[in-house]
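Following: one structure in structure tokens, then a few remarks.
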Amino acid sequence: MRIASLPDFVELEANLAQRNTLALPAHAALYARITDVGQLVELVNSYAPGDLRFFVLGGGSNLVLSGDVDGLVLHMAICGRELAGEDADAWYVRAGAGENWHDFVQWTLAQGWPGLENLALIPGTVGAAPIQNIGAYGLELAERFHALMAFDMQTGEIVRFDRTACRFGYRDSVFKQQGWHLDGRFVITDVTLRLPKAWAPLTRYADVAAELAARNIATPDARQIGDAVVTVRRRKLPDPAVLPNTGSFFHNPVVAAAAAERLLASHPGLPHYPQPDGRVKLAAGWLIEQAGWKGRDLGPVGMYEKQALVLVNRGGATGADVVALMQAVQHDVVEKFGVELTPEPVFL
Ligand code: EPU
């Protein structure tokens, strides 16, 4: 590693404990807060490709740190948000990768541009949102995505990714498929969303519909839906600042139709959602609860009492504690239902 030649904004031995929402202890050998693309250019000019391992950090809200990080952690803090364009059909809204996602959603709603309200209060940054195609309450980012710009740490070029190039799937994108979220090849610098002017409320999701009904709102506007989503999330999902967590810890498993039928025959209460491809998505939270893990701890970590899909750090946990609980839950769910649960966060 040619550390000596690295720019002076690179810190040594940075503490990451406050920079991951599971509050796991870890240090980064090298750490840089990136507020400007120019810093990335400087970095690319100060090392030979392959000399240094990178990891791009956003809000740290979908991350399990197994231990110290040997390499350079790039903490994305590029800010800025603007109306990038407008045509007869849509507003195009752009934000820097380091913007807080929820603040950005609230800002678009305040400007009178609806469309992101179902994704309110999702932790993390704008730049991280496309990587796992964040989703909630009947909407995925992919449905509002227009394009993103990313800096290629191998070539020093800025590359544009449109929706097709991102190859979005359920909590998935080309960045995960290619492992770029781990090797730091592409650093997302800004994201542009397309918010259609022909807005329609998305309130099919039972929890949100019930919250609106409780508020006596029959024809909600986007801000009212956003408020309802915030209330529902606060009720079920722990605030990482109070109880460290990474949101859903596992994907909802998608199984073949025949497998779903077999499971439903013996477990008629299992929540299930048929997918366009004929397969069936199952509720991981329900499987975990039925396997006896809701509100149960293993050492300093546990599965949250109000939402069994959320793994929480009750204090003092390490990455090894998280892995032990993950494996115990996976084991018991396979044993009881024959279904494999895969973790949602990125492991480093
Ligand atoms: N359920 C249980 N027990 C539990 C938790 C859930 O029986 O402990 C049942 C619920 O009663 C419901 C079903 O499972 O019938 C689904 O639960 P919920 O509506 O809470 O949503 P989820 O499938 O657990 C997904 C996303 C969340 C997103 C919500 C709302 C994944 C992995 N998770 O959770 O996303 O907020 O739907 O749309 O897809 C995240 O990805 O980090 C995340 C929080």
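The values are calculated or read from the model by the stated rules, or taken from the named source; none is laboratory data. In this text, all values refer to a predicted model and were calculated from it rather than measured experimentally. Note that each Cβ is placed from the backbone with ideal geometry, even for glycine, and that neighbours are counted across all protein chains shown. Quick note on the areas: whole protein, heavy atoms, side chains included, nothing else; ligands and nucleic acids left out. Shrake-Rupley method; radii C 1.70, N 1.55, O 1.52, S 1.80 Å.
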Discussion item. Given the criteria near the ligand (Cβ under 8 Å from one of its atoms) and within 24 Å of the chain's Cα centre (by Cα), does residue 275 qualify?
Written reply: no
Practice prompt. State all residues of the range 287-317 that are within 11 Å of the ligand (Cβ to nearest atom) and within 21 Å of the chain's Cα centre (by Cα); if no residue qualifies, say none.
Written response: 288, 303, 304, 306, 307, 308, 309, 310, 311
Discussion item. Step by step: first the residues of the range 150-178, then only those that are touching a Ser or Thr at 6+ places or on another chain (Cβ under 9 Å) and in a loop (DSSP other than H, G, I, E, B), then the one that is nearest to residue 342 (Cα to Cα). Which residue is that?
Written reply: 171
Worksheet item: When residues of the range 119-142 are filtered for being open to solvent by less than 20 Å² (accessible area, probe 1.4 Å) and either within 10 Å of the ligand (Cβ to nearest atom) or not β-branched (Val, Ile, Thr) (or both), how many remain?
Response: 14
Worksheet item: Which numbered condition trips up residue 269, out of (1) surrounded by fewer than 14 Cβ atoms within 10 Å (Cβ to Cβ); (2) closer than 22 Å to residue 170 by Cβ; (3) more than 22 Å from the chain's Cα centre (by Cα); (4) within 11 Å of the ligand (Cβ to nearest atom)?
Response: (2)
Practice prompt. Tell me which residues, restricted to the range 168-184, are open to solvent by less than 60 Å² (accessible area, probe 1.4 Å) and without any contact (Cβ under 8 Å) to a residue 40 or more places away in the chain.
Written response: 168, 169, 174, 179, 180
Practice prompt. Would you mind telling me which numbered condition in (1) touching a residue at least 40 places away in the same chain (Cβ under 8 Å); (2) open to solvent by less than 40 Å² (accessible area, probe 1.4 Å) residue 106 fails?
Written response: (2)
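Residue-wise test of (1) of a type in the set (Gly, Ala, Ser); (2) touching a helix residue (DSSP H, G or I) at 6+ places or on another chain (Cβ under 8 Å); (3) free of Cβ contacts under 8 Å to residues at least 12 places away in the same chain.
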| residue | (1), (2), (3) |
| --- | --- |
| 263 | no, yes, no |
| 271 | no, yes, no |
| 279 | no, yes, no |
| 282 | no, yes, no |
| 307 | no, yes, no |
| 315 | yes, no, no |
| 326 | no, no, no |
| 337 | no, yes, no |
Worksheet item: Any residue in the range 181-197 that is β-branched (Val, Ile, Thr), touching a Leu at 6+ places or on another chain (Cβ under 6 Å), under 21 Å from residue 116 (Cα atoms) and not in a helix (DSSP H, G or I)?
Response: yes
Fill in: Candidate set from the range 206-236 (those that are open to solvent by less than 40 Å² (accessible area, probe 1.4 Å) and within 20 Å of the chain's Cα centre (by Cα)); member that is farthest from the ligand (Cβ to nearest atom)
226
